[in-house]
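One structure is given below, encoded as C-alpha cells.
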Amino acid sequence: MARDNFRDSPSDEEQFKFDPYAHATTVIQEYHRMIHDGFYFDASGIEVDVANGANFDILFKLGAGEITHLTAAGLSLEDTPVNLEWYEGTTVSADGTAINVRNHNRVNGNDSFNIAITKDPTITDVGTLLHTDYIPTTATGPNAGALISHADVEWLIGSPTIATAYLLRITNNTGALLDIGYHFNGYEVGYNI
C-alpha cells in the first residue's frame, strides 16, 4: 500500500483494543475503524451546466494488485430525470481531470491512495455494465428541485492481477442544463502485518 500505518505490530492491536478508562473492549464499526487508521477517503466535486442529453463521466482507476472498497456514492441534482450506469473494464484514451481524493483522518493519515478518480475521461470502450439506476422527475414535494440519490452499498473493486478501470456515467435527461454535486467514500486497507 502507498501509506504507512501508525501502528507497527500485532501487539499494538492487542494493547489498544481496550478502553483505557472503562477497561472494556472497544468495538466500533468497520468504516469508523478505517477512518481512525487513516485508510478512509472522500472524493467530491460539482459539475456545472451538463447539456441536455449529454453524459457526465467519472472514472475510477486502479493499478494491478490494487483493491479498493467503495462504500458510498452521493449525488445532488439540480433537476431530474437522470440515468446512472456503472461499468467495469472501461478503456480510455485520456483519463480526464483529477478529482481531489482526501483522507478522512486529517491527524494521522495522508492523501496518498491507490485509486485515481477523474472526471471527463475520453472513453473508447465503456466496458461491462454492472448496475443501472433511474432517478425520475419529482415535480412537487420536499425533493423538488434539489434531488439527492445516495447509496450506502459497498463495491469491492480492482483486481489482484490486472489494472482495472470503472466508469460512473450520469446522463442528463432533464431537457435543460444540469448542475451535479457528487461525492464518493471508500477505503483501502493498508495494515503492516
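The values are calculated or read from the model by the stated rules, or taken from the named source; none is laboratory data. These numbers come from a predicted model, not from an experiment. When we count neighbours, we look across all protein chains shown, and the Cβ atoms used for this are built from the backbone with ideal geometry, even at glycine.
Here Arg102 fulfils each of the conditions (1) under 19 Å from Ile170 (Cα atoms); (2) part of a strand (DSSP E or B); (3) touching a residue at least 60 places away in the same chain (Cβ under 8 Å) apart from (1). Taking segment 65-110 as the range and being modelled with pLDDT of 95 or more and small (Gly, Ala, Ser) as the test, the residues that pass are Gly89, Ser93, Ala94, Gly96, Ala98.
Ile162 passes every criterion in (1) buried (at least 18 other Cβ atoms within 10 Å of the Cβ); (2) at pLDDT 90 or above; (3) of a type in the set (A, V, I, L, M, F, W, C) apart from (1). Of all residues in segment 122-154, those being acidic (Asp, Glu) and either at pLDDT below 80 or more than 18 Å from Gly74 (Cα to Cα) (or both) number 2. Inclusion of Asp120 among residues that are acidic (Asp, Glu) and closer than 18 Å to Glu47 by Cα is warranted.
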